[in-house]
Structures are given as structure tokens and as C-alpha cells.
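Working notes, structure below.
Readers should treat all values here as calculations from the given coordinates under stated rules, not as data from a laboratory. What you are looking at is a predicted structure, and each value in this text was computed from that prediction instead of being measured. Here Cβ is always computed from backbone atoms with ideal geometry, including for glycine, and neighbour counts include all displayed protein chains.
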Amino acid sequence: MKKVFPVIVLLFILCSGCSEKENKSWIRINQLGYLPHTVKAAVLGSKDETLELHSFSLHDAKTGEPVYESDKVEAKGKYGPFKTSFRLDFSEFETEGEYYIEAGNARSPEFRIAPEVYDHTADFLLRYMRQQRCGFNPYLRDSCHTDDGYIIYHPEKENGQRIDVTGGWHDATDYLQYTATSANAVFQLLFSYRENPEAFGDAHNEDGSPGSNGIPDIIDEARYGMDWLLKMNPSPDEYYNQIADDRDHAGFRLPNHDSVVYDKRFRGRPVYLASGKPQGLFEHKNRSTGVASTAGKFASSFALGAGVLKEFYPDYADTLLRHARDAYAYGKKHPGVSQTAPGTQPYFYEEDNWKDDMELAAATLYKLTGNDTYKEDGLNYAAAEKITPWIGRDTVRHYQFYPFLNAGHYELAGSVLPEEKKTVALYYAEGLERLYQRGKDGPFLIGTPFVWCSNNLVTAAWSQAILYRKLTGDTRYETMEAALRDWLFGCNPWGTSMVVGLPDEGDTPFYPHSSLTHLYGYMTDGGLVDGPVYGSIFNSLKGLQLTREDPYADFQSDAIVYHDDVGDYSTNEPTMDGTACLIYGLSSMQAEGNGDRKATTGSHDPTGALIRGNRKQKKIALIFSGHEYADGGHTISETLKKHQIKASFFFTGDFYRNKDHSSLIEQLAANGHYLGPHSDQHLLYNDWSGEKKLLVNKEEFTADIQQNYAEMSRFGISKTQAPYFLPPYEWNDSTITQWSGELGLTLINYTPGTISHADYTRPDDKNYKDSKAIYTSITEYENTRGLNGFFLLTHIGSSPERTDKFYTKLDSLIGELEKKGYEFVLIKDLIDQTSAHDKDLRLTDTM
């Protein structure tokens, strides 16, 4: 189904700054928020060149009262579209809460200061990784490129020979696949998990569908990429470098409808061997000189996988270690770079460095095996490329020095002697100093060049700053570290996040350069877009045409530009490798925020339904469903009012359209309870077998939900207000969960363990449970295991044949649990709004 873009919400975001626009000044903040004990800063930019600013204030977002005033204002002069600019430092303010900043005549958007502001953001980015899967794509629930592929450039094999290389990830909006970016992505995923394991949850199965398989989702995703790397390395002397070429650039289309034919003689797409020699099937050629850049990336990913994945897949890990050793040996034997191959156009990834790849491989193998040969090699490679060569430059060619982060220094420093560690750590410091000197005079402190994929460079610099601080404890670059982070989430000239859908209510890309978005309105949630480029680059591009009026027109300049427009492939295209690399920084922020407070991720059942909230607090969400009967409505409403608590009610369309229920629904809404959907006519989506065979197709499901919301709208309830969905009969499979998510809904279900949901049964049912048995099941479960985070489901009514009504026991049950310290809250108060199943609510308020 086609989603409708959030015009109303977008207008609100734009108009929220109207008074600032009149005053020609804007305050930019990190929309995700700030941890209490980290560097916190905002930037004011103004078109008024006479503006002077000497102080600013923080205000409580709810009351408007000032809570902090400061004169820590640093004038930074002209920058980009601004005639003058100022950096506002409020790091010393650490009180948790929601705030906004006032400075001069400008007011910032609201933001939070809290330990949990980064919770689940790393997992959020995995949405885009799953969406980029080749082979079986869980987002589309269909397969693509299953005929890949046929070999080319192999000196001993005939062109056209078959090789099975299905799987992996598409690189970006195009469907090319590169070992360079994919191996780096695999390493980054594994590295993020190894360093910050508590940041990741389990809400998806191995195939990427909603569910829980007992393995963190990031490990599932890394394994998916790793399986593809193994296919691209079928023997110790075969290392394939890419699938397809720029003939892929044939317009917008979904991957499962890819119609490009590369050679009529062969099925599938060409698979390029890393031959160590220049390649290019047509006029244009790359400048390959060896294989070490590719072999090194294979080796480091395999080696890290052998260590991290051993916990989950011991035999698989042993296989990876063998591949890692072979790949490293092959790289030493064939030094040089293996660049990607152009097709009909002169564009390719122009990677010119390879010793960083071999350093990372050597360091990872040394950490894994303790073999001193790897250590000596690593130290030599590190000394040969102390600083990743893009750092300190004004401009570089596309992916000229890749990966953008040299993680080898960190891997090496963690395993060598103290003096050796100090030497290697200082390589990081030298690079950070160059970045600092380039950026220190600007308000945003950004010293990275604005070339294609500039956000990837910012992400790499941020990661390097974190790693240096972790290695040494040196905090001298902490302010720049914070500025790099904040740039990605709104503290930039345009005031926008560079990650699609993060945060929910923020200014983020709505129109990314993506076939999914352009053709069907599907959002590429979690995708990091390319980022701003120099005006000179933008103005030189061919075939670029904006498709709508630019909402950021006031903030463009000859220096740098960024467009949230599907037509701008230079600044607004999400990339797979950039997204994977950003996961480390976000998981590190969550780890820093944890401190004494653990993450509050909810629990999911095997279908991916959210079935329990935060277990760390004694809070319960009471849930009531209704379809045919409502005899308990008045009693339940009065009981909740007596105890001054709120509950969540899920009604079918039939329930909402029944005029006999109208006054009850209006009363519940007036009392502040949550009113949500429960299907239109209590339609059974899956049969009752263990396989849960689907009884509806996607169109029937969508129409059922639409009609449910249509009835709710008569009571003034919009989809944005009611994003949680309880399936009819509390029965669904992972497909229903996914379809719900694609509609912007979070599918929930009751927490198992009690028989509270049996209050609808009748005496003539074989599964009949009386109220005493139901009550006892709840109290006994509480006594033995506790009800923290419980979704406790009962019904708003039951058939006349059941005279033993459980809702008459509700007053007693609530009182008993309140005496034990439990608080009764709405569902939204039990789960974090950035959890893996809280879909982007901006997408469709009118489905």
C-alpha cells in the first residue's frame, strides 16, 4: 500500500520556526537530546550581521520557566548562510528534563536531557540494514537477484561461469554490491556489538522478519553479511570484489523488479574477481594495483567474526578463522589496491590506500591468535599510515581513502605493550588535532570536507574521537566529539537530523533518494543519508533536478548545500556502509547513558509482537479489549476513576460504530484513557494451527485496519494518537507484525504467565476459568516472579452466559497490587519511544 507523506507534520515543523525566521535567527540543537554528564552545546546562526549575543537561558518546556542562565557564548562569525553565529555551551547543566533555549529573539526546538536519550537508536539503524538485504528481503517479503551471478576477469575461468553469490546488502539506492563496503559494514556491526553488547535487543529472526530467536538482531545482521562474504571467497585464491556495475543505474525500481540485463548470454549479474589489475568492460578503467585492500577487508571481518560469533556459532567461527588467515596471507602476497570497476560511466570507488586494511587484519588476527608475526606486521602497517589520508584535506575523490575510519589503531593498541599502545594512540591524536584545527573557527566545529558522503566522514571522525578517549582517557577533543555527533542529529545549518526517522518527532529526511520512497512512499527508516556537499560539487552535477520547493532554502549557501529531495542523489541518498558505521557511535552513547541505569527495552514474542515493557520498574499497563460486549464498561470506568489510574482500551470497528457504546467511548476518552484499534470486525488473521497459516492477504489486512481507524476517527482519535494495535483474538504471526509495522503501527499483545485473558470464557467452554482462578493466577505470578512491565489483559465485557464477571474483582485486584507498590500506567509509559518496534508515526495519519 502507498503511504501518504506527512504534510501536516512537516508544515508544523517548518512553521514552528516562523517567529525565528522573522527575526532572522535560528538555534540548532541535537534533536535526540543530551546525556546529563556529557558536553552539551547549541549553535545560534543569524542573518543579522549586527547581532551581538552575550547570554542565553534554558527553560522548562512544560512551564516555560527559566531554569538556567549562562554567559558561555562564543562568537564564531560568518558561516555558510549565516552572517554571524554563536556557540552556546550549557555543559554544566545536568538536570534531567525537557527544555528549550532562548537567546536574543530566537527559541530552539524542545529537547531532552536524560540518560536514556540514545536508548535503542543503534537498533533503529538496523531497520535500514534489513531493508537493504539482497536475496530474501524481509521488508518486501520477496526475493531479488537470485540468479547471481556469472564470473568475469578470472584468468583461469571462462567468463560467464556460474557462481552462487546471492545475499548480502545493496550498497545504496542502486543495487550494486561491493566487498569493500560490505566487509566494512560486517566489521562495524560486530565491533559495535563487541564493544557495547547491552545496546542491542532481539526483536527479529535470522531472516530479518519480526520475532525473537534468542540472538541479538545485530548478530543476525552481521551473520547475514558474513554469509555473503564467504560466498565471495570460495577458495583461498579467489576474492571477488563486486556484483554488477553502473549499468545498474537504470532508474527507480524495486530490487525484486530489477529488469537490467547485463549480458543476454548469461543469467544474473557479473561478479568481478579482485584480479589486481585495472578493470572496466567499456571505455573507462579503474587503477587497481593489487588485492590487499580487498583481501585485508575480508581478513579483518573474518577474524573479528571468529571471535565475536564463537559465542553463537562455534563451528562457523572456526571456519571464519581459517578464511581470515588465508585472506591475510593472500593480501601480503598481492599488495596494492583493488578498486571497484566502472561500467559505462567514469565513476567508481577510487580507493588509493590499502595498508590500513592490512593493519586492521593483522591487529584483529593478533588479538585472536597471539601470533607475534601479526603484531609486528600491524605495527609496521600502522607506522606506514598513521593518519587516514582524507583527514586534514579540503577535498578527496569518491571513497579515495577507505574505510574512512582506521579501526586498526584501536585494535592494535588494545593488545600491544604500553609504549607501543601510546605510540599508536598518538596517531589518532594527530588526526584529531588536524580536524580540530580545520573546524575550530566555525560554530559547528566541523573539520571534515564536504564531499560526497560527507556524513560518513563525520561519523568516522566521531568514532575516532570516542576510540581515542577510550584508549587514553584524554578528553581534550571531547567538545569536538560532541559537535561531530550533534551535527548528525540537527546541530547543523539546516537544523535537520541526517538519519531517516530519527528521532520520531524531529526534523529528519522525509524524501530520501530511494526507490522505496519515490515509488511507494516507504520510508528508509534508520538510513544515514550522504550529507551536505560543497556548492561547487552540487552545481557541477549532471542529471540532478529537485522535485519540490526547498524547505531549507534559507540555509543554503555557495559554501555547502543539503536538500531533502528525492531528486538530489548527492546529499540525500541513504548508504548502507555509512549507516553500519554510525551504529558504533550510537551504541557507545547508549552505553555511556546506562551508568547505573540499565536499558529499558521491552520484550517481544516470537512473532515480534511487543508483550512486555520495562522490567526495572513496578509498573503495569491494564489492557481491555472489546468487540461485541461492553457490560463491564461502567464498572471498569468507575474503578479506574476511583484509583485515579489510566488504562488502554482496544476496540473493533464494530464496537466503535455501535451507538450503544458511544457514551462509554466518549467517557473513556474524556478521562484520558488510551483508545486503540483491534481490527474492524474481529477478523481472524491466522488459523488456529501451530503454523498460524495466513487467512488474509496484505490488501485485506490493510483494508481491515483502515476501516477500524475510520470508525475511531468519528471520536476524534487519529492514528498518530493511537499507534499501538492489539490483534483480534490476540492471535497473529510475524507477517501480521510486519504488515502492522509498515503501516506505522506497533503490534502488542498481552504478557503471558497469567490467565487474565480467560475472563471471556463461558461455563459451557471446555477451557472455562472462573474469576477466582483468574485472580489467583495473577497474584501467584506476582508473588513468584513479579508483574513489572506487565501488559495485563482482560475484556470490557463478556457474554450473558458468563454470570461470574471478573471486572467486579478489578477494584480488589488494583488495591492489592497498589499496596505492593505497583503503579498503573498507559502502554506508552512502559516502553521507550525509540524501541525497535515503535514505528515512525509521521508517515500516515490518513492511510
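Proximity of backbone amide H atoms, modeled 1.01 Å from N, is registered between F649 and F624, Y674, L675, G676 at under 5 Å, excluding neighbours fewer than 5 places apart on the same chain. Extension gain, D164 to A559, is 137.6 nm, computed as 0.36 nm per intervening residue step minus the present C-alpha separation. Shown here for the stretch 41-87: GluC sites (Glu not before Pro) in loop regions (DSSP other than H, G, I, E, B) with at most 14 other Cβ atoms within 10 Å, namely E49, E52. For the stretch 812-829, 3J(HN,Hα) computed residue by residue from phi via the Karplus equation (6.51, -1.76, 1.60; θ = phi - 60°) reads 5, 4, 4, x, 4, 6, 5, 4, 8, x, 7, 10, 9, 9, 6, 4, 4, 7 Hz, glycine and proline entered as x.
Given R0 = 56 Å, the distance between the Cβ atoms of D765 and D394 translates into a calculated FRET efficiency of 0.15.
Within a straight-line Cα-Cα reach of under 16 Å, K76 can be paired with the following aspartates and glutamates, leaving aside sequence neighbours fewer than 8 residues apart in one chain: D48, E49, E52, D89, D441. Across the stretch 171-181, coupling constants 3J(HN,Hα) worked out from phi with the 6.51/-1.76/1.60 Karplus curve, θ = phi - 60°, read 6, 7, 5, 6, 10, 5, 9, 10, 4, 4, 6 Hz, and Gly and Pro carry x. Peptide packing: for 532-542, 226-236, 350-360, the average count of neighbouring Cβ atoms within 10 Å per residue gives the ranking 350-360, 226-236, 532-542, highest mean first.
Taking amide hydrogens as placed 1.01 Å from N in the peptide plane, the amide H of Q177 sits under 5 Å from those of I243, each at least 5 positions away in sequence or on another chain.
Give me the one-decimal nm value for the distance between modelled label points at S143 and E94, 7 Å along each residue's Cα-to-Cβ direction. It is 5.6 nm.
Taking other Cβ atoms within 10 Å as a rough exposure proxy, R322, R269, R657 sort from fewest to most as R322, R657, R269. Overall, the chain carries a charge dipole of about 520 debye about its Cα centre when +1 sits on the Cβ of Lys and Arg and -1 on the Cβ of Asp and Glu, all other atoms neutral. Extension gain, K642 to Q721: 0.36 nm times the residue separation minus the Cα-Cα distance gives 25.9 nm. Per-residue Karplus couplings for the stretch 484-497, computed as 6.51 cos²θ - 1.76 cosθ + 1.60 with θ equal to phi - 60°, are listed in order as 4, 4, 5, 4, 5, 10, x, 8, 8, x, 8, x, 10, 6 Hz, Gly and Pro entered as x. Checking every one of the trypsin sites (Lys or Arg not before Pro) in the stretch 665-728 against DSSP loop status and a limit of 13 other Cβ atoms within 10 Å picks out K693, R714. Ranking S497, I665, H145 by Cα position along the charge dipole of the chain, where only Lys, Arg, Asp and Glu carry charges on their C-beta atoms, puts H145 farthest toward the positive end.
Helical runs (DSSP H, four residues minimum) scored at -39500 (n - 2.57) apiece and divided by the length of the chain put the mean residue ellipticity at 222 nm at -10500 deg cm²/dmol. Taking the dipole about the Cα centre of the chain, with the C-beta of Lys and Arg at +1 and of Asp and Glu at -1, give me whichever of Y768, P210, S740 is farthest to the positive side. Final value for the positive-end residue is P210. Sorting C144, C134, C491 on the 10 Å Cβ count, fewest up front, what's the list? Least to most surrounded, the residues fall as C144, C134, C491. Structural descriptor for the chain: relative contact order 13 percent, calculated from alpha carbon pairs under 8 angstrom and at least 6 residues apart. For the chain, DSSP calls about 65 percent of its internal beta bridges antiparallel. Between T779 and D237, the contour length at 0.36 nm per residue exceeds the alpha carbon distance by 188.7 nm.
Would you please name the GluC sites (Glu not before Pro) within the stretch 661-721 that are DSSP coil residues with at most 14 other C-beta atoms within 10 Å of their C-beta? Taking the stretch 661-721 and a limit of 14 other Cβ atoms within 10 Å, the loop GluC sites (Glu not before Pro) found are E691.
Here K659 is the anchor, and the aspartates and glutamates within straight C-alpha reach of less than 15 Å, apart from those fewer than 8 places off in the same chain, are E628, D631, E711.
Placing +1 on the Cβ of every Lys and Arg and -1 on the Cβ of every Asp and Glu, with no other charges, gives the stretch 619-730 a dipole of roughly 520 debye about its Cα centre. Report which label in (1) 45.9; (2) 43.2; (3) 35.7 holds the value of mean projected area of the Cα convex hull in nm² derived from the coordinates of this structure. Here mean projected area of the Cα convex hull in nm² agrees with entry (3).
Packing order of peptides 462-468, 629-635, highest average first: 462-468, 629-635 (average count of other Cβ atoms within 10 Å over each peptide's residues).
Which angle between 0 and 90 degrees, to the nearest 10, do you get for helix 771-785 versus the longest principal axis of the chain when only C-alpha atoms count? With both axes taken from Cα atoms, the answer is about 40 degrees.
Axis of helix 372-384 versus longest Cα principal axis of the chain: the two differ by about 80°, to the nearest ten degrees. In whole Å, how far is the Cα centre of the stretch 451-513 from that of the stretch 334-375? Cα centres, the stretch 451-513 to the stretch 334-375: 26 Å.
As a quick test, which of the pairs K285/K367; K310/K332; K619/K719; K619/K809; K264/K698 have an alpha carbon distance above 28 angstrom in this structure? Long pairs (Cα-Cα over 28 Å): K285/K367; K264/K698.
Residue ranges 417-425, 544-552, 145-153 sort as 145-153, 417-425, 544-552 when ordered by packing (mean number of other C-beta atoms within 10 Å per residue, highest first). By the count of neighbouring beta-carbon atoms within 10 Å, fewest first, H678, H643 end up ordered H643, H678. Would you work out which of G653, Y685, F790 lies farthest towards the positive end of the dipole of the stretch 605-829, given +1 charges on the beta-carbon of Lys and Arg and -1 on that of Asp and Glu, about the Cα centre? Positive-most Cα among the choices belongs to F790.
Angle of helix 355-369 to the longest C-alpha principal axis of the chain, folded into 0 to 90 degrees and rounded to 10: 60°.
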